[in-house]
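Okay, so here's the structure we're looking at.
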Amino acid sequence: MKTMSTVLLAALVAFTLACGYSSKATTPPTAGAMPAIDTLAPDNMNAGGAAFVLTVNGSNFSTKSTINWNGTAQTTTYVSTSQLTATISAADIANAATVPITVTNPATTGMGIYGSGGTMAETSSAMNFTVN
């Protein structure tokens, strides 16, 4: 009888651990919408000039997209899914250079039961801005 009780107790413990005390499977994030840049307006400025508003035209921009100037995120204004703007400071165009411009759509948080899902951040290919 003592052996039977031990076997039943072990089975009960194993069953309890298998039903609810294991880690839950999560769904990894999926690819987000890839932004694309078509044009920059303006696409060049003279070195030593004043601050200006850069307009980026393209596609797949989200309301939280950011314009990146030489890899640094700028304070960005969302105009539409095809247009963003950012003010570029005079210090950023103080010297002649070729500056890569990209747009990043941020990652979104998963809404699954355990926080799973969501999307990954996506960054466009670069388009060059010329400081003459």
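The values are calculated or read from the model by the stated rules, or taken from the named source; none is laboratory data. What you are looking at is a predicted structure, and each value in this text was computed from that prediction instead of being measured. Glycine gets a Cβ as well: all are built from the backbone with ideal geometry, and neighbour counts include every protein chain shown.
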Tabulated pairs, region 95-120, first farther than 23 Å from residue 35 by Cα and at pLDDT below 95, second surrounded by fewer than 17 Cβ atoms within 10 Å (Cβ to Cβ) and among the aliphatic types (A, V, I, L, M), C-beta under 9 angstrom, 6+ apart or interchain: 114/25; 116/25
Region 59-82, residues that are in a strand (DSSP E or B), farther than 19 Å from residue 120 by Cβ and small (Gly, Ala, Ser): 80
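Among the residues of region 41-60, count how many are out of contact with any helix residue (DSSP H, G or I) (no Cβ under 7 Å at 6 or more places or on another chain) and more than 14 Å from residue 101 (Cα to Cα).
Total meeting the criteria: 5.
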Matching entry among 121, 91, 126 (being surrounded by fewer than 14 Cβ atoms within 10 Å (Cβ to Cβ) and under 17 Å from the mean Cα position of the chain (by Cα)): 121
